[in-house]
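The block underneath contains the structure these notes are about, expressed in structure tokens.
The values are calculated or read from the model by the stated rules, or taken from the named source; none is laboratory data. Just so you know, these numbers come straight off a predicted model, no measurement behind them. Reconstructed Cβ throughout: ideal geometry from the backbone, glycine too, with neighbour counts over all protein chains shown.
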Amino acid sequence: MCYILKRASRIFVAVHGQAKRVLVGTRWLMVCRKAHTAHVLSYWHTSSTQYTVKCIDPSSGAIVGMGMWDVYISPSDYTKSDIGWLEGAERERAEALVGPFWAFREKLWKNERYVYCHLTAVHPDYQRKGIGKLLMEYGMRIAEQVDLPIYTEASRAAIGLYESIGFRRLKQSIVHKADVLWAGNEKGDGKDYEVPLVVWIPGRKLELLPKSIELA
Ligand SMILES: CC(C)(COP(=O)(O)OP(=O)(O)OC[C@H]1O[C@@H](n2cnc3c(N)ncnc32)[C@H](O)[C@@H]1OP(=O)(O)O)[C@@H](O)C(=O)NCCC(=O)NCCS
């Protein structure tokens, strides 16, 4: 289990370093890796809703992709938490970036029954081989079985995948402001960054969506 966690954590860090390099610097990754791994481990041990799936390269045994899903068959009691593994300015910046994800999730889905795609991540060396789609299909089959919509926030890297498999954008979206996003990162393009919020609805049954949700 520990081995799986360490490998999974490396993929998580590797892909976050790639897709969200604008959000995090190398130093931040090194500092937070240990504490964040402990946080995730504790969540995995106590959560009654989360399902973690890994994709293995059979030729090497390496974990090359992972997905984390929360399945709320009973109404979600999710409330936003805080980033206890960081401190000071880094914590403030992380909360400015991640906080809106948590706030929207609570606002749109509290007391609702749904499936949340916490993350999908494929190691950079293995991308564009169908692994991300496979990981998403795992959650889509669960959503079909329990007849509930899937909700997630789309990274710039993932929106193409999500739309190619039938996810739809909400009218609501999150905008990461450039001053927070690019703080201390000279390689950034200095622009605001829109994060689309998306849903996948089994059988396209719109009545499965909460009233608070408006499709774009
Ligand atoms: C998003 C991610 C999981 C996609 O994984 P992947 O294994 O490369 O995706 P797939 O190979 O299954 O892609 C399936 C289809 O999705 C679409 N797609 C995938 N990545 C895309 C991209 N970067 N741009 C446009 N379309 C894309 C394509 O239609 C692709 O089919 P094709 O390769 O035949 O054209 C991967 O890029 C990743 O881990 N990114 C960093 C982490 C991240 O942003 N995760 C999501 C939010 S937590």
Looking at the stretch 45-75 only, could you name the residues that are among the small types (Gly, Ala, Ser) and under 17 Å from the mean Cα position of the chain (by Cα)? SER47, GLY65, GLY67
List, please: which pairs have Cβ atoms under 7 Å, are six or more places apart or on different chains, and start with a residue in the stretch 127-143 that is under 15 Å from PHE167 (Cβ atoms) and end with one that is assigned to a helix (DSSP H, G or I)? GLY132/LEU161; LYS133/LEU161; MET136/LEU161; ALA143/PRO202
For residues in the stretch 143-173 being aliphatic (A, V, I, L, M) and surrounded by fewer than 18 Cβ atoms within 10 Å (Cβ to Cβ), which is farthest from the ligand (Cβ to nearest atom)? VAL146
Considering residues that are more than 18 Å from SER155 (Cβ to Cβ) and within 12 Å of the ligand (Cβ to nearest atom), the number found within the stretch 101-124 is 0
Would you check which residues across the stretch 76-92 are over 18 Å from the mean Cα position of the chain (by Cα) and of a type in the set (D, E, K, R) and list them? ASP77, GLU87, GLU90, ARG91, GLU92
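Listed here are the residues, each with its yes/no results for (1) surrounded by 15 or more Cβ atoms within 10 Å (Cβ to Cβ); (2) basic (Lys, Arg).
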position: LYS34; (1), (2): no, yes
position: ASP70; (1), (2): yes, no
position: ARG93; (1), (2): yes, yes
position: PHE104; (1), (2): yes, no
position: GLU112; (1), (2): yes, no
position: VAL115; (1), (2): yes, no
Across the stretch 165-212, what is the number of residues that are within 17 Å of GLU153 (Cα to Cα) and either at pLDDT 95 or above or assigned to a strand (DSSP E or B) (or both)? 23
